[in-house]
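Some notes on the structure that comes next.
The values are calculated or read from the model by the stated rules, or taken from the named source; none is laboratory data. Being a predicted model, the structure only gives us computed values, none of them experimental. Note: ideal-geometry Cβ built from the backbone for every residue, glycine included; neighbour counts use all protein chains shown. Accessible surface is based on the protein model in full, side chains and every heavy atom, while ligands, DNA and RNA are left aside. Shrake-Rupley method; radii C 1.70, N 1.55, O 1.52, S 1.80 Å.
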Amino acid sequence: MVATMLGAAAAGAAELSPHDMALLDRLTWGINASSALHLQAVGPDRWLAEQLHPAANEALPDAVRAAIEAMADVRKFPFDIAVAFDAQGKAANQIADPDQRKSAQQAFQQAMSERARQAASRGILRALYAPDQLRERMTWFWFNHFNVHQNKANLRILVGDYQDRAIRPFALGKFHDLLIATLYHPAMLRYLDNADNAGGHINENYAREIMELHTMGVGAGYSQADVEALARILTGVGIDLRAEDPKLKPELQSQLVREGAFEFNPARHDYGDKTFLGHTIKGRGLAEVDEAIDILVRHPATATHLARQIATYFVADNPPEPLVARMAQTFKTSDGDIAAVLATMVHAPEFAAVLKSGAKFKDPMQYVLSAVRLAYDDKVILNAQPIQNWLNRLGEGLFNHDTPDGYSLISASWNGPGQMMVRFEIARQIGSSSSGLFKPEGPGAVDQPAFPLLANALYFNGLRQTLGPTTLAALDQAISPQDWNTLFLSSPEFMR
């Protein structure tokens, strides 16, 4: 069966041009035999259309879907998750016996950490095996853009839902909807302290980052007065885990909004009029937030900032300004349609040029996932923890960036000598054995038989033609399949 599949992949790979292989590698988490075969079967135009406009429902392999469904809290909403953990934490703190209290508190912390670990595993499994690869690439991009750090407060129990419900469904849709989804999510409201933002006690953290990072960008012409105005607009937008509604004056009752853990509490809102980016916003409650978001999404600086970020992610550390301008224009004319912006990028001559040059350096996430995808194709891993460990060692662990700016998209952040030494070690681990990827979790688990196969039909009928003479000469000197795999994964060509 495997030989038949590889033979079919060989026939398909042989008909893929270097451009098509580079396109496949750039817009996914890494080329492999099955994805190459599919692109060859449907052609690059249809493949790109599938990636830009995937079906709403995930088409995950059965084994991946089963693994995800087995995870705790995967179908629960943030309100229910947070309430349950809040109760567990309070119960642990109220235990009289010091030793029992310490043990219960440790169990509480471990349970929260386990939820974050499982959330990272879900993201890794989808990135490795989901057919809608571009949506998975953009899910990572947007999580990084709207970054939250798992170790603040109770975010460990919320990052999974934030990734799965606030980011992924909107990753290729309208930017306005994505921004609103992150704004309403308790993970963002807790991380950037807007849950503490109230009239008379203004907290500017979230307002500042919305403008500086999420929309307009640094140096886009807004003032401190605009930050203060947006912070006032956002007063009362927060979190409430109580079952009962807050007690309000009769005239404010109709203004209360509660959706899960999200709450707009009119008693905490500043109802004064505001001047925001030259617009007068009348004080009237939550509708002010919608008006401000519309202003930010339609601001020309937002289009340019987001276009440049996306181009930096896919094209080059310093993307060509004409390309950025065309992508920004598409953002404006399409009302912030992310898929349309990506289509403009992919069809641009600048994108074709960078595919040919192979100049874009892989960050740790793409390096590790592309290595695993190539080594094991559609054979589903049983344990994502080794991948989490590799990403942590490389400094790009999932949910681990503590500041709102997210991980760097620039090559210089990831190609230093220390980083490369760790990559070479990881290349040897991936290339030499299954490294625990096929060892089920739990006590007494035994590694399932698995061996990385990189010198396959895809390599001989496609990837080999993309290698330079120095790399080919090094591969010819390999003394074992494991050594060959390590050399290939360590090659400059695979790093790009």
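Open to solvent by 10 Å² or more (accessible area, probe 1.4 Å), touching a residue at least 60 places away in the same chain (Cβ under 8 Å) and not aromatic (Phe, Trp, Tyr): does that describe residue 225? No. Restricting the first member to the range 192-206 and to residues that are in contact (Cβ under 8 Å) with a residue 12 or more places away in the chain, and the second to residues that are among the polar types (S, T, N, Q) and open to solvent by 40 Å² or more (accessible area, probe 1.4 Å), the beta-carbon pairs closer than 6 Å and six or more apart or on different chains are 192/205; 193/205.
Yes/no matrix, rows are residues, columns are (1) under 21 Å from residue 171 (Cβ atoms); (2) at pLDDT 95 or above:
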| position | (1), (2) |
| --- | --- |
| 2 | no, no |
| 5 | no, no |
| 10 | no, no |
| 27 | yes, yes |
| 84 | no, yes |
| 89 | no, yes |
| 110 | no, yes |
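Among the helices (runs of 4 or more DSSP H) confined to the range 18-93, the ones with at least 1 residues that are in contact with a Pro (Cβ under 8 Å, 6 or more places away or on another chain), of a type in the set (A, V, I, L, M, F, W, C) and surrounded by 14 or more Cβ atoms within 10 Å (Cβ to Cβ) are located at 18-27, 78-93. Just a yes or no: is a residue in the range 328-335 open to solvent by 10 Å² or more (accessible area, probe 1.4 Å) and under 19 Å from the mean Cα position of the chain (by Cα)? For the range 328-335, residues open to solvent by 10 Å² or more (accessible area, probe 1.4 Å) and under 19 Å from the mean Cα position of the chain (by Cα): absent. Per the conditions (1) in contact with a Ser or Thr (Cβ under 6 Å, 6 or more places away or on another chain); (2) open to solvent by 50 Å² or more (accessible area, probe 1.4 Å), the sole criterion not satisfied by residue 491 is (2). Within the span defined as the range 359-366, every residue fails to be out of contact with any Phe, Trp or Tyr (no Cβ under 8 Å at 6 or more places or on another chain), within 16 Å of residue 495 (Cβ to Cβ), assigned to a helix (DSSP H, G or I) and at pLDDT below 95. For beta carbons closer than 9 Å, sequence separation of 6+ or different chains, a first residue in the range 326-350 that is among the aromatic types (Phe, Trp, Tyr) and a second that is open to solvent by less than 10 Å² (accessible area, probe 1.4 Å), the qualifying pairs are 331/175; 331/302; 331/303; 331/306; 331/307; 331/338; 331/341.
Working carefully through the options 427, 412, find the one that is under 30 Å from residue 218 (Cα atoms), assigned to a helix (DSSP H, G or I) and in contact (Cβ under 8 Å) with a residue 12 or more places away in the chain.
Numbers: 427 fails: under 30 Å from residue 218 (Cα atoms).
On inspection, the qualifying residue turns out to be 412.
Scanning the range 381-396 for residues that are in contact with a helix residue (DSSP H, G or I) (Cβ under 9 Å, 6 or more places away or on another chain) and without any contact (Cβ under 8 Å) to a residue 60 or more places away in the chain, we see that the one that is most open to solvent (accessible area, probe 1.4 Å) is 393. Those strands (runs of 3 or more DSSP E) of the range 212-330 in which at least 1 residues are among the small types (Gly, Ala, Ser) and farther than 24 Å from residue 174 by Cβ, considering only elements entirely within it, cover 237-239.
What are the residues in the range 244-292 that are more than 19 Å from residue 188 (Cβ to Cβ), out of contact with any strand residue (DSSP E or B) (no Cβ under 9 Å at 6 or more places or on another chain) and open to solvent by 70 Å² or more (accessible area, probe 1.4 Å), if any? If the condition is that a residue be more than 19 Å from residue 188 (Cβ to Cβ), out of contact with any strand residue (DSSP E or B) (no Cβ under 9 Å at 6 or more places or on another chain) and open to solvent by 70 Å² or more (accessible area, probe 1.4 Å), then 244, 247, 249, 250, 251, 253, 254, 271, 278, 279, 284 are the ones that fit.
The one condition from (1) touching a residue at least 12 places away in the same chain (Cβ under 8 Å); (2) under 19 Å from residue 494 (Cβ atoms); (3) not aliphatic (A, V, I, L, M) that residue 417 does not meet is (1).
Counting the residues of the range 98-130 that are farther than 21 Å from residue 76 by Cα, crowded, with 19+ Cβ neighbours inside 10 Å and more than 11 Å from the chain's Cα centre (by Cα) gives 3. Scanning the range 144-160 for residues that are surrounded by 24 or more Cβ atoms within 10 Å (Cβ to Cβ) and not aliphatic (A, V, I, L, M), we see that the one that is farthest from the chain's Cα centre (by Cα) is 150.
Residues that are of a type in the set (S, T, N, Q) and under 17 Å from the mean Cα position of the chain (by Cα) were ranked within the range 300-324; the one that is least open to solvent (accessible area, probe 1.4 Å) is 312. Look at (1) under 29 Å from the mean Cα position of the chain (by Cα); (2) surrounded by 16 or more Cβ atoms within 10 Å (Cβ to Cβ); (3) within 22 Å of residue 360 (Cβ to Cβ); (4) modelled with pLDDT of 95 or more and you find that residue 437 fails only one, number (3). Just one of (1) within 24 Å of residue 75 (Cβ to Cβ); (2) in a loop (DSSP other than H, G, I, E, B) fails for residue 138. It is (2).
Going by the structure shown, is residue 478 without any contact (Cβ under 8 Å) to a residue 12 or more places away in the chain and either touching a helix residue (DSSP H, G or I) at 6+ places or on another chain (Cβ under 9 Å) or part of a helix (DSSP H, G or I) (or both)?
On the way: without any contact (Cβ under 8 Å) to a residue 12 or more places away in the chain: yes; either touching a helix residue (DSSP H, G or I) at 6+ places or on another chain (Cβ under 9 Å) or part of a helix (DSSP H, G or I) (or both): yes.
For residue 478, the condition - without any contact (Cβ under 8 Å) to a residue 12 or more places away in the chain and either touching a helix residue (DSSP H, G or I) at 6+ places or on another chain (Cβ under 9 Å) or part of a helix (DSSP H, G or I) (or both) - is met.
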